[in-house]
Amino acid sequence: QVQLVESGGGLVQAGGSLRLSCAASGIIFSIDVMGWYRQAPGKQRELVATITRGSVTNYADSVKGRFTISRDNAKNTVLLQMISLKSDDTAVYYCRVLTYHANYWGQGTQVTVSS
């Protein structure tokens, strides 16, 4: 059974930092892309950052220079280091994993940035 377990969300003041972690298990096939998405209240889910198996990264313009995505292929984990957090970063953050055959979503972790 495929599981994506996310951790690291919470409440932080503006300007602070958080690190999100997502560990994937039960996936038989090689993972191509891992990424983070977020959904704020009343808004559509949007891409935050993705990273390929070869460590090619892609970021939303709104987080460039503040967020860093990384992965450990051996452990099937993906991290999102977030610094200089703003109130606009408040959202539920979802981990996503893509293989050749399917894509999987985590349950989401809440990030709240207080101004």
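A few remarks follow.
- For region 53-61, backbone phi angles converted through the Karplus equation (6.51, -1.76, 1.60; θ = phi - 60°) give residue-by-residue couplings of 4, x, 6, 7, 10, 9, 10, 5, 4 Hz, Gly and Pro being listed as x.
- Cα pair distances in the chain, grouped into 10 Å bins until the bin that holds the longest one, percent each: 15, 50, 28, 7, 0
- Under the combined filter of DSSP loop state and at most 11 neighbouring Cβ atoms within 10 Å, region 12-67 retains these chymotrypsin sites (Phe, Trp or Tyr not before Pro): PHE29.
- Simple spin-label estimate for ARG19 and ASP32 gives 3.0 nm between the two label positions (7 Å along the Cα-to-Cβ direction from each Cα).
- Using a Gaussian network model of the chain in which every pair of alpha carbons under 10 angstrom is joined by a spring, one finds that among ARG38, ARG66, ARG19 the greatest mean-square fluctuation is at ARG66.
No value in this document is a laboratory result; all are computed from the given coordinates. Note that the structure is a prediction, hence the values are computed from the model and not measured. When we count neighbours, we look across all protein chains shown, and the Cβ atoms used for this are built from the backbone with ideal geometry, even at glycine.
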